[in-house]
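The values are calculated or read from the model by the stated rules, or taken from the named source; none is laboratory data. Just so it is clear, the structure is predicted and the values come from calculations on it, not from any experiment. A quick note on method: Cβ atoms are made from the backbone with ideal geometry, for glycine too, and the neighbour counts reach across all protein chains shown.
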Amino acid sequence: MLEMSIRLARADDLRQCVEFDASYTTDYVWQMDAQMSNGQIQVTFSHLRLPRSMRVDYPRTAGMLAEDWPLRDGVLIAEQEGHTLGYVSLNENPAQRVAHIGDLVVRRRYRRAGVGAQLVSGALRWARDRKLKQLIVEVQTKNHPAIEFLNKLGFSFCGFSDQHYLNQDIALFFSRAVR
């Protein structure tokens, strides 16, 4: 695992972070099927292997991220010797005692090196310091690497939002208790 520090973002970090390639490649998707009958709605998600790997662009553009960051309650940076490795953006809902991760992006060359796990640990500390009880993350149904990552870190599926993104993709929500 890389030696790194996690710190609060500064205004000058934004320029560098919005330039990260946040795309990913996947071999699997979660496909949703909703059935209505006899006053009941049954929703199932099937884990399907794609016929070939698919590259997926991040659902937020650099411009959207730049507009959104000042509205976030917190942004944490993973850094090694002054070099930014990744970031996580956070929003707080004190009434519900919940923190939401809006973005979790690791520079491509540092993926699978523990940066994402360190950022999530930092997000959990951030939430704990605010006396929040849950950390919630949203991901696209196509983002199999993130779903596997969240499961590995102890997150559990807790819901979905149909047509959540501008491209009409479904968002899946995962949560973990803040301890």
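Taken over the range 91-129, the residue count meeting the criterion of being closer than 14 Å to Cys17 by Cβ and either among the β-branched types (Val, Ile, Thr) or outside any loop (DSSP other than H, G, I, E, B) (or both) is 9. Every condition in (1) at pLDDT 95 or above; (2) more than 23 Å from Asp73 (Cβ to Cβ) holds for Val120 except the one numbered (2).
Contact map, the range 140-151: first residue closer than 22 Å to Gln168 by Cβ, second residue surrounded by fewer than 22 Cβ atoms within 10 Å (Cβ to Cβ) and among the small types (Gly, Ala, Ser), Cβ cut-off under 7 Å, separation 6 or more or different chains; pairs are Gln140/Ala171. Every condition in (1) touching a residue at least 40 places away in the same chain (Cβ under 8 Å); (2) among the aliphatic types (A, V, I, L, M); (3) farther than 20 Å from Arg130 by Cβ; (4) part of a strand (DSSP E or B) holds for Leu14 except the one numbered (4). For the range 155-179, a tally of residues being free of Cβ contacts under 8 Å to residues at least 24 places away in the same chain, surrounded by 13 or more Cβ atoms within 10 Å (Cβ to Cβ) and assigned to a loop (DSSP other than H, G, I, E, B) returns 1. I need a count of the residues in the range 126-139 that are out of contact with any strand residue (DSSP E or B) (no Cβ under 7 Å at 6 or more places or on another chain) and either in contact (Cβ under 8 Å) with a residue 12 or more places away in the chain or of a type in the set (S, T, N, Q) (or both). Summing the residues that are out of contact with any strand residue (DSSP E or B) (no Cβ under 7 Å at 6 or more places or on another chain) and either in contact (Cβ under 8 Å) with a residue 12 or more places away in the chain or of a type in the set (S, T, N, Q) (or both) in the range 126-139 gives 2. Within the span defined as the range 72-95, one or more residues are within 27 Å of Lys133 (Cβ to Cβ), aromatic (Phe, Trp, Tyr) and at pLDDT 95 or above.
Give Arg49, Arg72 a once-over and let me know the one that is basic (Lys, Arg) and more than 18 Å from the chain's Cα centre (by Cα). Answer to the check: Arg49.
For Gly86, the criteria (1) in contact with a helix residue (DSSP H, G or I) (Cβ under 6 Å, 6 or more places away or on another chain); (2) without any contact (Cβ under 8 Å) to a residue 24 or more places away in the chain hold in every case but one, which is (2).
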